[in-house]
Amino acid sequence: MSWPCFARRCRSAIRRAGAAGLLLAPVLGLAQDAQEEINKQIAKLTSDAISARLVGVQAGVLRAAGAAAAQKPNNAWGSYTNFRLKFSSDMDDGFGGSVRSSDSFTTDVGVLGYDRDLSRDTTVGVALDTAKTRHESGNSWGLSPYLAYRFSEHYFAIAKFRYGRFEGGGAKADSYSLGGSLNTVQPFGDWTFRGEAGLATTHTKTRIDLPPLSSRESDNVWSWNLNGQGDYRFGDGWMAFAGLSANGSDESHSTSLSASAGVEKAFNTDGAVQLKYETKVADNLQAGTDIKTRAVTVSLRWRF
């Protein structure tokens, strides 16, 4: 789920609350800025999990696994991610100055999915995600139907919709995201190169009820992503991979670059387990704000 302007809404409510709200500004502003980033990352992790699953389907088709898909068209998959965020920002102290605040947050994100290969070229499915930030009161979950269609030998499209819900800390938010991407899978012997260019729009409704603060807002945000990954297969069903991912939105006019690497072990043509590490390596955030992230993901898929 994404909260595109949650922090600004909270600070607006603080100003309307007068002196009592000003005393809360540095602490509450930091918490909401961090929660906004956490919720964006939860939505990104879910979207990435779906894309990785569908790209894996198409890579399997190109590796002549189509016969197995015809025999076993159902696929169950899941992932667990331990996500850590360190957020630092210069906050308005409410008296014309600023104070440097920072904190670290650890979030556990789980995704369960099921999809079916309707044909060699078409896959439909649904994913359920849930997340909990440790030592915080907020919880979130989301439901995402998705579709992949291969329109040529090496190119296919993905469409995804996600409804997300967050509750905690006196706030509730509902988000509705619709996105699509163009993807390619290019095999060269033991090597496979994957690419994705995606665009999404998210509508979010937020309600804050934290006396003396109260706010009702809604926003629309456009976001984009560019992903690239190289895979190398070796030994008995092993694969190593590394990739880069760029993400941005029109809400903050910021761009971030992440790097990832990992290994996967396949079991015949029916299943595989994967371990992935991802960290942000660069961004163009406004002066005074610093966000560091890292995510460790374990995923499993099985065809039946």
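Out of all the residues in region 214-251, which are hydroxyl-bearing (Ser, Thr, Tyr), surrounded by 15 or more Cβ atoms within 10 Å (Cβ to Cβ) and within 24 Å of Asn183 (Cβ to Cβ)?
Listed by number, the residues that qualify are Ser223, Ser245, Ser249.
Hey, among the residues in region 121-138 that are over 18 Å from the mean Cα position of the chain (by Cα) and at pLDDT 85 or above, which one's surrounded by the most Cβ atoms within 10 Å (Cβ to Cβ)?
Per the stated criteria, the residue is Thr123.
When residues of region 264-293 are filtered for being loosely packed, with under 15 Cβ neighbours inside 10 Å, part of a strand (DSSP E or B) and more than 16 Å from the chain's Cα centre (by Cα), how many remain?
Going through region 264-293 one residue at a time, the tally reaches 7.
If I go through region 165-196 residue by residue, how many of them are aliphatic (A, V, I, L, M) and loosely packed, with under 15 Cβ neighbours inside 10 Å?
Going residue by residue through region 165-196, those that are aliphatic (A, V, I, L, M) are 171, 173, 178, 182, 185.
Keeping just the survivors that are loosely packed, with under 15 Cβ neighbours inside 10 Å gives 178, 182.
Within region 165-196, residues that are aliphatic (A, V, I, L, M) and loosely packed, with under 15 Cβ neighbours inside 10 Å number 2.
Please determine, by comparing only the residues of region 146-155 that are touching a Leu at 6+ places or on another chain (Cβ under 8 Å) and buried (at least 16 other Cβ atoms within 10 Å of the Cβ), which one is farthest from Thr133 (Cα to Cα). Give the steps one after another, and end with the answer.
First, pick out the residues of region 146-155 that are touching a Leu at 6+ places or on another chain (Cβ under 8 Å): 146, 148, 153-155.
Those still in the list that are buried (at least 16 other Cβ atoms within 10 Å of the Cβ) too: 146, 148.
Values: Tyr146: 26, Ala148: 31 Å.
Going through the qualifying residues, I end up with Ala148.
Quick grid of which residues meet (1) at pLDDT 95 or above; (2) within 17 Å of the chain's Cα centre (by Cα):
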residue	(1), (2)
Gly170	no, no
Ser175	no, yes
Leu178	yes, yes
Phe188	no, no
Ile208	no, no
Asp219	no, no
Gln229	yes, yes
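The values are calculated or read from the model by the stated rules, or taken from the named source; none is laboratory data. Because the structure is a prediction, the values reported are computed rather than measured. All Cβ positions, even for glycine, are placed from backbone atoms using ideal geometry, and neighbour counts span all protein chains on display.
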